[in-house]
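The block underneath contains the structure these notes are about, expressed in structure tokens.
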Amino acid sequence: MEPGYILLFGRLHPLILHFPVALLMLAAFLEVLPRLSNKKFGAGYNLATWVVLCFGALSAVIAASMGLTLAASGSYDGAAVASHKFFGLSVATLACLSVLLKLFAEEKTSGVLKILYSSALSLCVVAIFIAGHYGGNLTHGSEFLPSAAPEPIASWLREEKDTNIIRASNDQFSQTIEPIITEHCVSCHGDSKQEGGLRFDDHDVVMAGGESGIPAIVPGKALSSEMVRRLFLPRSDKKAMPPDGRSRPSDAQLVTIMDWIEAGAPCEGESSGPSQLMADYLGQDAVPATNEALAALDEAGVVYYLMSEDNPLLNVDLSLKTYDTATIEKLLSPIAEQVAWLNLSFNEIDEDTIRLVSKFPNLTRLSLAETGVDDSMLRSISDIDTLTSLNLTGNPVTAQLVEQFKDMPALLTLYIWDTAIEGEDAIKIKDSFADVNVILGGNFILPSTDTE
Ligand code: HEC
């Protein structure tokens, strides 16, 4: 949806909804208080209750219309929105009904109407809690509360989920890349400031480059991307990014950025790059993972996506938490046929895990950065005929092992940055892997802008 009053109206929902919540609960409290105490409350008290209730109902109607506008703006879907909508609209309806019933109850001084009024207002308060719960899930994700709660509250909060719902398909960009750029670059290259004419919120500018006219990102070619060159320059270099004194992305984040550019720098919903093409090809005959297997991933907090809406293969990321080898094997075995992309970085990995993974029939991309793997553990890797991208960054692997990968039929990108492969060895590997993009990092990265 285009920026404008309607979009703004919708986005104010999270702000305005606090008014009906507070006012309607206060109205209920004001109604209960006289019944709890024996004191007589005067006409002024009743007037105050009226004011609170009417403003509560009015703000509920406004907040609900804002919510409907927000939901229509497109970026929400799924069961949580439907539930939130239902209970949010119930709050507005019950609040208005309460106003009418209070009005009639006072006019007719009827006992039945009074009971109906109390029931409507009580239901309204219940609906506020439920709507709030689903609303919270929408903004923070459904794991926000359960992940902080002790058992058995945590299991109670985790409802049965329809794990077959497609998540925002393969959204590597907004999950991993956007946060890095937001944290480290946007203060100088965003909408308020565009140093060097570069702004990361404009796809065309990024692809064309800023004042230098050198593309900041060349999809599929990390080493030709000015952004990567600047990130790897020595801190003392005037052209280094971010400039001296500013926080720099971690090594793991640099690998993530390079990995993403090598995969074709796909932004939200886009797919490209050899590992995706290969996965799409293999996915044609693939059967979807079982609900139990996906539920186990959900429960373990593993991030996973379908490769695309019509490709049931999975992109599975275990790098955001650490898992022990037994858990990794338990989680991966049931989805052996579905895993296309697998990120095991930063976990402790043993030889059995590698052997298991080497048998995955549809694996096209594997990241084992900083997992402690060495030559002896990795021998079975060369059996993976479908692998297009292999990341071994930060492990004590040697040229002897990597030489064996030369005959892997699909391999196109190999990360051996920060390994035991240095000097002469590195040059030899680079030469012998003519068709493979070998990413070495360190001093081997980008001597000058002109790396084509
Ligand atoms: C404190 C401000 C600041 C931050 C933070 C910053 N930059 Fe820059 N950037 C600049 C300035 C100033 C220039 C222009 C001077 C130059 O070319 O070195 C520039 C230029 C660039 C250019 C060259 C643009 C062109 O085509 O001329 C690239 C690429 C770049 N920055 C990438 C990044 C990346 C990637 C990050 C985040 C990791 C980042 N910058 C963070 C200030 C910043």
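For every residue, the table says whether it meets (1) assigned by TED's automatic domain parsing to the domain that holds Leu331; (2) closer than 15 Å to Asp324 by Cα; (3) within 29 Å of the chain's Cα centre (by Cα).
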position	(1), (2), (3)
Phe346	yes, yes, yes
Asp352	yes, yes, no
Thr364	yes, no, yes
Glu370	yes, yes, yes
Met377	yes, no, no
Asp385	yes, no, no
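When residues of region 169-187 are filtered for being outside any helix (DSSP H, G or I) and at pLDDT below 80, how many remain?
4
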Of the numbered conditions (1) modelled with pLDDT under 80; (2) within 7 Å of the ligand (Cβ to nearest atom), Lys238 satisfies every one except a single condition; which is it? (1)
Filter region 401-441 for residues that are part of a helix (DSSP H, G or I) and of a type in the set (Gly, Ala, Ser) and give the result. Gly423, Ala426, Ser432
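Output the helices (runs of 4 or more DSSP H) that fall wholly within region 274-347 and possess 2 or more residues being in contact with a helix residue (DSSP H, G or I) (Cβ under 8 Å, 6 or more places away or on another chain) and open to solvent by 10 Å² or more (accessible area, probe 1.4 Å), or say none. Quick ask: steps written out before the conclusion?
Values: elements: 274-283, 291-299, 325-332.
Correct list: 291-299, 325-332.
Of all residues being farther than 18 Å from Trp260 by Cβ and within 6 Å of the ligand (Cβ to nearest atom) in region 181-196, which is farthest from the chain's Cα centre (by Cα)? Just the residue, please. Outline the logic, then answer.
Filtering region 181-196 for residues farther than 18 Å from Trp260 by Cβ gives 187-188, 190-196.
Still in the list and also within 6 Å of the ligand (Cβ to nearest atom): 187-188, 195-196.
On the way: Ser187: 22, Cys188: 24, Glu195: 28, Gly196: 30 Å.
My answer is Gly196.
Across region 241-256, which residue is surrounded by the most Cβ atoms within 10 Å (Cβ to Cβ) among those that are closer than 21 Å to Phe346 by Cβ and within 8 Å of the ligand (Cβ to nearest atom)? Explain how you work it out, then say what you get.
To start, the set of residues in region 241-256 that are closer than 21 Å to Phe346 by Cβ comprises 247-256.
Those left that are additionally within 8 Å of the ligand (Cβ to nearest atom): 248-249.
Numbers: Arg248: 16, Pro249: 18.
For region 241-256, the residue satisfying everything is Pro249.
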Just need a number here: residues in region 277-319 that are at pLDDT below 85 and under 22 Å from Ala252 (Cβ atoms). 3
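Answer yes or no: is there a residue in region 110-120 that is closer than 22 Å to His18 by Cβ and within 44 Å of the chain's Cα centre (by Cα).
Just the residues of region 110-120 that are closer than 22 Å to His18 by Cβ, to begin with: 120.
Subset that is within 44 Å of the chain's Cα centre (by Cα): 120.
Yes; the residues of region 110-120 include at least one that is closer than 22 Å to His18 by Cβ and within 44 Å of the chain's Cα centre (by Cα).
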Return the total of residues in region 171-208 being open to solvent by less than 50 Å² (accessible area, probe 1.4 Å) and over 30 Å from Trp341 (Cα atoms). 6
Turns out the helices (runs of 4 or more DSSP H) fully within region 3-109 with at least 2 residues that are in contact with a helix residue (DSSP H, G or I) (Cβ under 7 Å, 6 or more places away or on another chain) and open to solvent by less than 60 Å² (accessible area, probe 1.4 Å) are 13-16, 18-36, 43-72, 79-108
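Does Asp259 count as within 16 Å of the ligand (Cβ to nearest atom), within 30 Å of Ser212 (Cα to Cα) and open to solvent by 50 Å² or more (accessible area, probe 1.4 Å)? Can you show your working first?
Details: within 16 Å of the ligand (Cβ to nearest atom): yes; within 30 Å of Ser212 (Cα to Cα): yes; open to solvent by 50 Å² or more (accessible area, probe 1.4 Å): no.
Considered against the rule, which asks whether it is within 16 Å of the ligand (Cβ to nearest atom), within 30 Å of Ser212 (Cα to Cα) and open to solvent by 50 Å² or more (accessible area, probe 1.4 Å), Asp259 comes out as no.
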Which count do you get for residues in region 206-235 that are in contact with a strand residue (DSSP E or B) (Cβ under 8 Å, 6 or more places away or on another chain) and within 11 Å of the ligand (Cβ to nearest atom)? 1
Consider Glu270 carefully, then state whether it is open to solvent by 70 Å² or more (accessible area, probe 1.4 Å), more than 13 Å from the ligand (Cβ to nearest atom) and at pLDDT below 85. yes
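The values are calculated or read from the model by the stated rules, or taken from the named source; none is laboratory data. Because the structure is predicted, anything quoted here is derived from the model rather than measured. Note that we place each Cβ from the backbone using ideal geometry, even for glycine, and neighbour counts take in every protein chain shown. Note: areas computed on protein heavy atoms with side chains; ligands, DNA, RNA excluded. Shrake-Rupley method; radii C 1.70, N 1.55, O 1.52, S 1.80 Å.
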